[in-house]
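Colleague: Please read through the structure below; I'll follow up with questions.
The values are calculated or read from the model by the stated rules, or taken from the named source; none is laboratory data. Note that the structure is predicted; figures quoted are calculated from it, not measured. Here the Cβ positions follow ideal geometry from the backbone for every residue, glycine too, while neighbour counts run over all protein chains shown.
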Amino acid sequence: MGLTIAQKIIKEHLIFGEMVAGKEIALRIDQTLTQDATGTMAYLEFEAIGIPRVRTKLSVAYIDHNTLQSGFENADDHRYIQSVAKKFGLRFSRPGNGICHQVHLERFGVPGMTLIGSDSHTPTAGGIGMLAFGAGGLDVAVAMGGGAYYITMPKMFKVNLTGKLRPWVSAKDVSLEILRILSVKGGVGAIIEWGGEGIKTLSVPERATITNMGTELGATTSIFPSDEITKAFLEAQGRGDAYSPLASDEDAVYDRIIDINLSELKPLLACPHSPDNIKSAEELSGIKVDQVCIGSCTNSSLRDMLRVASMLKGKKIHDSVSLSVSPGSKQVLSMLADCGALSDILASGARVLECACGPCIGMGFSPNSAGVSLRTFNRNFEGRSGTKDAQVYLVSPEVAVASALTGYITDPRTLGEYKEIEMPDIFKVDDSAVIMPASEEEAKELEILRGPNIKPFPTTKKLENKIEAVLTLKVGDNITTDHIMPAGAKILPYRSNIPFLSKFCFAVCDEAFAERALKNGSSIIVGGSNYGQGSSREHAALVPLYLGVKAVVAKSFARIHAANLINAGILPLTFENPEDYDKFSQDDKLTLENVFEGMKNGKITLKGTNGEATLNCSYTKRQIDILMAGGLLAYTKGE
């Protein structure tokens, strides 16, 4: 039996386990990346492990999230990360150099290698044939120290593409179509491989848009073959030596195959407040638009920006619309400037923001109250934009510009002639904003620079056999990490200060949660299906740990968040009978008994005021050991 692309890379990097779906495996990691919203904590964890130098082939620390410096906090974090990178052997991508996923695709990604990053959209690198995973900061810290990355061996899905995208239809529409087919839960436990004759019509940036949005499916990761198109992209970046061909075997076996005819797709939008709430542009045509944002790690490539510039050239945006454009990297911005496309964007009335995540994580450019905002981003969760009652739609650059020009949601196919974009054969390469680390000898004398906002990792305790706690919060389905630990300009500066950050935990759902949890001392949270979807931010586990959360009981979990809970020493448990969810109410006094034996048997009983429920906990021996130790950090240090 032949192998899929992902199976080939897994086989090459397998350290432990069997390549059987559902079994735990351990992988050797070639590269890591962090960004500044998660990086400070990841490097505090790396320091705590006590290894003097990173042991990966390449590790990069990016500054792209917390770039709004309205106080000392973000600047201090950036200084800390830069000093850590210099001392421990990482490359440091300065603020303004670009969004981690865009820069990594351009400058560092290598087909066939493994990559984990403390950002859930790390699978973007699958666009050039990397096996790239989003992970919690602790997992990244362990990998930087030479440790393995553990996952459950995924199922294999394949999406066969045929045909060719028609004018005004783009890769973003492919992403929205697969979300329409599978939903935000449909990719859970699977790696999605993209293939078929249709992929030959897609450039690397287009492929990267699709693998980026695979995260919203709940997929473990997404990947494209490494082919002649990959080779041309790497050669244009001056990195032709990084190329190697990679394809699945003809007799590879997949758990599910999905067929999409690119020629039949039309411009689509994801409506508020979920990436899988899909409708066509023609259905929504005429809805008034207040704001349009173009950029993010999904749609900020040179290709995307040249399309935007060509549509805006010689035109003015509608008087009632505020338009922002965020190029994905310094390379993209400088090439726009050199060819004159930047002037076309500026002349339209658009506001050009720095090369950073910006509005995508609520870092500025929030919509007006109850405003309609069209965004070329990957998430439209309620309140993520910074405006709680905003109506955020996810769109392609084509729909974004068409709507900015008219003031209403507009199907770009009504605009008339479609002009093809000509991409340069050679990209402008300037890596001067990437600071190299010190030598091992020089590093011994270097000091780590810490600001007063940087606080230690939360104290963990070894697991107890009996847990008595209050049901401090009960929530429904599709609770995201933005619900648990919000982003935004007001909160992100405190990502390295867990005690202060805890004040905002679950504030989107219940503003009194943090105070109530501290008062209760020990808490259990009950949730619905797909609990913890969205970002890889481990703060969504570390802050509940600080607040005394001992267990989260849900109908089902998102992969990364479940792993982060275990890493934090919190029990993720699922209802054997989902209907038992209704037996428990907020403020109930709950008990988990015989926890140690239950973890081994895979069943734990939850007793409450109005009944009891059997909970599933299919932990591996390693996960049990981590939980017993009180979390991955204590386990790794042997405490």
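Colleague: I'm told Val174 meets every condition in (1) assigned to a helix (DSSP H, G or I); (2) among the hydrophobic types (A, V, I, L, M, F, W, C); (3) surrounded by fewer than 22 Cβ atoms within 10 Å (Cβ to Cβ) except one. Can you identify the failing condition by its number?
Modeller: Result: Val174 passes all but (3).
Colleague: Still on this model: Output yes when any residue across the stretch 205-214 is assigned by TED's automatic domain parsing to the domain that holds Gly163, part of a loop (DSSP other than H, G, I, E, B) and either modelled with pLDDT of 95 or more or in contact with a Ser or Thr (Cβ under 7 Å, 6 or more places away or on another chain) (or both), and no when none is.
Modeller: No, every residue in the stretch 205-214 fails to be assigned by TED's automatic domain parsing to the domain that holds Gly163, part of a loop (DSSP other than H, G, I, E, B) and either modelled with pLDDT of 95 or more or in contact with a Ser or Thr (Cβ under 7 Å, 6 or more places away or on another chain) (or both).
Colleague: With the condition kept exactly as written, say whether any residue in the stretch 365-388 is in contact (Cβ under 8 Å) with a residue 24 or more places away in the chain, touching a Leu at 6+ places or on another chain (Cβ under 9 Å), part of a helix (DSSP H, G or I) and outside the structural domain of Pro486 (by TED's automatic domain parsing).
Modeller: Checked against the condition, which is being in contact (Cβ under 8 Å) with a residue 24 or more places away in the chain, touching a Leu at 6+ places or on another chain (Cβ under 9 Å), part of a helix (DSSP H, G or I) and outside the structural domain of Pro486 (by TED's automatic domain parsing), the stretch 365-388 yields no hits at all.
Colleague: A further question follows. Where in the stretch 1-90 are there helices (runs of 4 or more DSSP H), lying fully within it, with 2 or more residues that are farther than 30 Å from Phe157 by Cβ and modelled with pLDDT of 95 or more?
Modeller: Where helices (runs of 4 or more DSSP H) fall fully within the stretch 1-90 and carry at least 2 residues being farther than 30 Å from Phe157 by Cβ and modelled with pLDDT of 95 or more, they are 36-49, 72-88.
Colleague: Looking at Glu612, Glu597, Glu538, which one is in contact with a helix residue (DSSP H, G or I) (Cβ under 7 Å, 6 or more places away or on another chain) and of a type in the set (Asp, Glu)?
Modeller: Glu538
Colleague: Among the residues of the stretch 31-76, how many are touching a Ser or Thr at 6+ places or on another chain (Cβ under 8 Å) and of a type in the set (Gly, Ala, Ser)?
Modeller: Residues meeting the conditions: 4.
Colleague: Determine whether the stretch 499-511 contains at least one residue that is farther than 24 Å from Ile191 by Cα, part of a loop (DSSP other than H, G, I, E, B), out of contact with any strand residue (DSSP E or B) (no Cβ under 8 Å at 6 or more places or on another chain) and of a type in the set (S, T, N, Q).
Modeller: Within the stretch 499-511, not a single residue is farther than 24 Å from Ile191 by Cα, part of a loop (DSSP other than H, G, I, E, B), out of contact with any strand residue (DSSP E or B) (no Cβ under 8 Å at 6 or more places or on another chain) and of a type in the set (S, T, N, Q).
Colleague: Another question, then. Using the structure shown, decide if Leu268 is out of contact with any Gly (no Cβ under 9 Å at 6 or more places or on another chain), closer than 20 Å to Leu202 by Cβ and buried (at least 23 other Cβ atoms within 10 Å of the Cβ).
Modeller: Judged against the criteria, Leu268 is a match.
Colleague: Sticking with this structure for a sec: Among the numbered criteria (1) within 30 Å of Ser366 (Cβ to Cβ); (2) modelled with pLDDT of 95 or more; (3) of a type in the set (S, T, N, Q); (4) not in a helix (DSSP H, G or I), which single criterion is violated by Thr414?
Modeller: Thr414 satisfies every listed condition except (4).
Colleague: Out of the residues in the stretch 479-497 that are of a type in the set (A, V, I, L, M) and surrounded by fewer than 22 Cβ atoms within 10 Å (Cβ to Cβ), state the one that is nearest to Asn564 (Cα to Cα).
Modeller: Ile491
Colleague: Kindly indicate which of Ser280, Ser222 is farther than 16 Å from Asn380 by Cα and surrounded by fewer than 24 Cβ atoms within 10 Å (Cβ to Cβ).
Modeller: Result of the check over Ser280, Ser222: Ser280.
Colleague: Additional query: Would you be able to tell me the number of residues in the stretch 306-347 that are in a helix (DSSP H, G or I) and within 22 Å of Val372 (Cα to Cα)?
Modeller: So the count comes out to 4.
Colleague: Give me the pairs: first residue in the stretch 69-83 and assigned by TED's automatic domain parsing to the domain that holds Thr38, second residue in a helix (DSSP H, G or I) and acidic (Asp, Glu), beta-carbon distance under 7 Å, and six or more apart or on different chains, which are they?
Modeller: Filtered contacts from the stretch 69-83: Asp77/Asp36; His78/Asp36; Ile81/Asp36.
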